[in-house]
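Below: one structure, written as structure tokens.
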Amino acid sequence: MENCIFCKIIKGQIPSSKLYEDDDFIVIRDINPLYKVHTLIITKKHIASVNEVTDGDSEIFRSLFSVAKKIAEKENVNGSGFRLVVNSGKDAGQLVPHFHMHLLAGEKLREL
Ligand code: 5GP
Ligand code: ZN
């Protein structure tokens, strides 16, 4: 998608600090971290939000949590704990309309 920040990051048109990449996901550090560890697990496919996920995307999402687990291990927070968040739509405060899951960790997180 033209003009999508995350599509541009995936294509290497905008720099990012990349932690991981496979056929379906790229994982980068959030530019404006809320916690000591704040990474974004981003689908390579442009999917605007959870509302746009289809059954045809099930192959992509089947590895989402194992990617999250790998990142938690890589960031050494698998023992201390972490939170996974997917904002979808206006009321959730979704800023970037391209599917991503936040992995938040590295310190005590505020209660939901
Ligand atoms: P959302 O509110 O859509 O769930 O979160 C989008 C996240 O993407 C925000 O936490 C924001 O800081 C992050 N973000 C926005 N633009 C960029 C960027 O160009 N690079 C990186 N690394 N993160 C970004
Ligand atoms: Zn996109």
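Each residue, HIS46 and SER63, gets one label point 7 Å from its Cα in the Cβ direction; the gap between the two is 2.3 nm.
Amide H contacts of ASP30 (H built 1.01 Å from N, in plane; Pro and chain starts excluded): HIS38, THR39, LEU40 sit under 5 Å, all sequence-distant by 5 or more or on other chains. Of the residues ARG29, ARG62, ARG110, ARG83, the one with the largest accessible area comes first in the ranking ARG62, ARG110, ARG29, ARG83, computed with a 1.4 Å probe on protein heavy atoms. For the chain, the longest principal axis of the Cα atoms and the long axis of helix 64-74 meet at an angle of about 40 degrees.
Calculated on the Cα set of the chain, radius of gyration then Dmax: 13.6, 39 Å. According to a simple spin-label model (label point 7 Å from Cα along Cα-to-Cβ), what is the distance in nm between CYS4 and ASP55? Roughly 2.3 nm, to one decimal.
In the chain the longest region clear of GluC sites (Glu not before Pro) that are loop-assigned by DSSP and have at most 16 other C-beta atoms within 10 Å covers 3-106. Excluding same-chain neighbours fewer than eight residues apart, the lysines reachable from LYS74 by a Cα-Cα span under 29 Å are LYS8, LYS11, LYS18, LYS36, LYS44, LYS45, LYS108. Along the range 33-50 the Karplus relation, 6.51 cos²θ - 1.76 cosθ + 1.60 evaluated at θ = phi - 60°, assigns HN-Hα couplings of x, 8, 9, 4, 10, 8, 10, 10, 9, 10, 5, 5, 6, 6, 10, 5, 6, 4 Hz to successive residues, with x for each Gly and Pro. Note on the chain: helix-only mean residue ellipticity at 222 nm, from DSSP H runs of 4+ residues weighted -39500 (n - 2.57) and normalised by residue number, equals -4500 deg cm²/dmol.
The values are calculated or read from the model by the stated rules, or taken from the named source; none is laboratory data. No experiment lies behind these values; they were computed from the predicted model shown. All Cβ positions, glycine included, derive from the backbone under ideal geometry; neighbour counts span all protein chains shown. To get the accessible areas, we keep the full protein, side chains included, count just its heavy atoms, and leave off ligands, DNA and RNA. Shrake-Rupley method; radii C 1.70, N 1.55, O 1.52, S 1.80 Å.
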